[in-house]
Amino acid sequence: MQSVKLNKYVEWIDGVLLFAAFILITYGLEKYGLFEPHEGHFAGVAREMILQGDWVTPTLNGAPYLNKPPLLYWLIATSFKLFGFQEFAARFPIALAGWLGVVVAWLWSRQIWGVIASRATIVLLSTGVGWFIFAHQLLIDELLGTLLLAMMYCLWRLTVQPKSHGFFVAAYLLLGLAVLAKGILALAFWVAGCGAIALTTRRWQTLKIFRPLLGIAIVAAVVVPWCIAVEQDNPGFLQYFLLNENFKRALDARWPPDYSISKISPWGYVAVSAVWCLPWTFLLPPTLKGAWEDWRHGFKAAATPQDRQRSDALTLLGVLAVLPIVMFLPLSSRLYYYSIPAVPPLAMMTGYWWSMAWQGKAERSRIWISWIMTSLGVALMTGLLWLPQEVIALFPELSQTKGVKTIVTVQIVGLSVGFIGSGAFLLRRQLAIALVLLWFGFILNASGLAFIKIPYYILIYYDRLNG
């Protein structure tokens, strides 16, 4: 494990990067109204919690609204208390969770692979299309992704420091919060993570490190008080919530049926998961290959303790990257944003590839990726004559925004310059400049995304396709 003691120079650089990521992720939260139905539901429930003074039973239009656990409602209600009833306040908790996900990914990358990988992770995760868009939407999955990433990090630290009471308690507190955010689905990630560590190390006694019985007691201490309170106020809640809103929803047998407009085919689900990783999706093949090789290296006879620690970390990251995708492929209840929790671990692994390229250990993939990025930038630049009109045609509502053609053109130019510049400097082995240019291009694009309400219109367009 890399040392966590950072000198002032390193802290200054990373502090600037993390602050810039915060500005990027929280930019534009207030620039468009709440999207119906999901944003209106979440914000409406939180508003009624404050107005009625009841933080136990979620209500919407005065009637119990027990479809979801309460954590996101509580966070939004707290934000309303601080900032008032406005769009920024409604979305800020999710955006903050998205930024905290960047912080956890940075910290974990620093301890596994070092400085370069951790800085690349900040840039890659904060520029991930899915992570940016769903930091601007009232949906649970980005909050869940951050909680699960932090939980997996604490489980990994337990493999490094088995007697650490702090990381043990933190892991199960985070798991309890994940259950309060999304339901019992979160437990599947914990089971898979602990089981994968035991299976890959071929030592089932490793499970003792995680102390599952005591851990579940901590989770219960977090979750059960609310369950008891809401059951007392709403008899039959537990049966309804566990059966209808967890098991039947997973099997697409929930009553009444809902979310039909957000469902997606298995191949579409895989494809949209790749879209959430743009603009660095094309880095995933060499990234996964490099991560696989690094994982295998930790199990060789000559492996050092640090090599084995990296393998354990990659095991947990692999679970978090694969499970949100694989778990829902056979289920017709899959929704297009369920794979968002997979983005942070994939960004971390891509940051590792970037550090390998920095050290000259990924020369072949560095060269062909640089050509792909340059070619993509040139293609975007040549499309300036017709792409803005196509984007506006795809989202007719954009025509209501003053100067929309100029904004879209600036976005395309920003992405083009980012890809061309990043590809050119990547080819010249100047990876720091390449990373900065990639980030700069996305910042120009993201500012336009928020300004012309693209996160809002993307969901409108998806609903239109399925309507």
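The values are calculated or read from the model by the stated rules, or taken from the named source; none is laboratory data. Treat the numbers as computed from the prediction; the structure is a model and nothing was measured. With ideal geometry, Cβ positions are generated from the backbone for all residues, glycine too; neighbour counts draw on all protein chains shown.
Values computed for the structure shown
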{"quantity": "Only listed residue being of a type outside the set (Phe, Trp, Tyr) and modelled with pLDDT of 80 or more, chosen from Gly423, Gly403, Gly414", "calculated": "Gly423"}
{"quantity": "Only one of Gly176, Gly193 that is closer than 26 Å to Lys68 by Cα, in a helix (DSSP H, G or I) and out of contact with any Leu (no Cβ under 9 Å at 6 or more places or on another chain)", "calculated": "Gly176"}
{"quantity": "Some residue of the range 91-111 being more than 25 Å from Ile443 (Cα to Cα) and either crowded, with 16+ Cβ neighbours inside 10 Å or in contact with a His (Cβ under 6 Å, 6 or more places away or on another chain) (or both)", "calculated": "yes"}
{"quantity": "Breaking point among (1) more than 18 Å from Thr57 (Cβ to Cβ); (2) within 27 Å of the chain's Cα centre (by Cα); (3) at pLDDT 90 or above, for Leu180", "calculated": "(1)"}
{"quantity": "For Gly145: the one exception among (1) within 17 Å of Ala220 (Cα to Cα); (2) surrounded by 24 or more Cβ atoms within 10 Å (Cβ to Cβ)", "calculated": "(1)"}
{"quantity": "Qualifying residue in the range 261-284 (condition: closer than 30 Å to Arg203 by Cβ and in contact (Cβ under 8 Å) with a residue 12 or more places away in the chain)", "calculated": "no"}
{"quantity": "Which listed residue, of Ala321, Ala313, is in contact with a Pro (Cβ under 6 Å, 6 or more places away or on another chain) and either within 22 Å of Gly195 (Cβ to Cβ) or not assigned by TED's automatic domain parsing to the domain that holds Gly98 (or both)", "calculated": "Ala321"}
{"quantity": "Given (1) touching a residue at least 60 places away in the same chain (Cβ under 8 Å); (2) more than 20 Å from the chain's Cα centre (by Cα); (3) surrounded by 21 or more Cβ atoms within 10 Å (Cβ to Cβ), number of the condition Asn67 does not satisfy", "calculated": "(3)"}
{"quantity": "Flag if Tyr153 is within 26 Å of the chain's Cα centre (by Cα) and farther than 29 Å from Asn244 by Cα", "calculated": "yes"}
{"quantity": "Selection from the range 205-234 of residues that are among the polar types (S, T, N, Q) and in contact with a helix residue (DSSP H, G or I) (Cβ under 7 Å, 6 or more places away or on another chain)", "calculated": "Thr206"}
{"quantity": "Unique residue being outside any helix (DSSP H, G or I) and farther than 16 Å from Lys68 by Cβ when the list is Pro162, Pro225", "calculated": "Pro162"}
{"quantity": "Every pair of residues 6+ apart whose Cβ atoms lie under 9 Å, when the first sits in the range 300-325 and is surrounded by 15 or more Cβ atoms within 10 Å (Cβ to Cβ) while the second is assigned to a loop (DSSP other than H, G, I, E, B) and basic (Lys, Arg)", "calculated": "Asp307/Lys300"}
{"quantity": "Selection count, the range 183-199, where residues are surrounded by fewer than 18 Cβ atoms within 10 Å (Cβ to Cβ), β-branched (Val, Ile, Thr) and touching a residue at least 60 places away in the same chain (Cβ under 8 Å)", "calculated": "1"}
{"quantity": "Residue satisfying condition, being at pLDDT 90 or above, of a type in the set (A, V, I, L, M, F, W, C), in a helix (DSSP H, G or I) and assigned by TED's automatic domain parsing to the domain that holds Pro58, within set Leu238, Leu213", "calculated": "Leu213"}
{"quantity": "Hits in the range 125-138 (condition: closer than 20 Å to Val270 by Cβ and touching a Leu at 6+ places or on another chain (Cβ under 9 Å))", "calculated": "Gly128, Val129, Gly130, Trp131, Ile133"}
{"quantity": "Cβ pairs under 7 Å, 6+ apart, first in the range 72-85 and under 20 Å from Leu143 (Cα atoms), second part of a helix (DSSP H, G or I) and basic (Lys, Arg)", "calculated": "Phe80/Arg47"}
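Residues are listed down the side, and each one gets a yes or a no for (1) assigned to a helix (DSSP H, G or I); (2) of a type in the set (A, V, I, L, M):
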position	(1), (2)
Pro286	yes, no
Lys289	yes, no
Asp294	yes, no
Asp307	yes, no
Ser311	yes, no
Leu317	yes, yes
Val322	yes, yes
Ile325	yes, yes
Phe328	no, no
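Rundown of residues vs (1) crowded, with 18+ Cβ neighbours inside 10 Å; (2) over 29 Å from Ile122 (Cα atoms); (3) touching a residue at least 40 places away in the same chain (Cβ under 8 Å), yes/no style:
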{"residue": "Tyr27", "(1), (2), (3)": "yes, no, yes"}
{"residue": "Glu30", "(1), (2), (3)": "no, no, yes"}
{"residue": "Pro37", "(1), (2), (3)": "no, yes, no"}
{"residue": "Val45", "(1), (2), (3)": "yes, yes, no"}
{"residue": "Val56", "(1), (2), (3)": "no, yes, yes"}
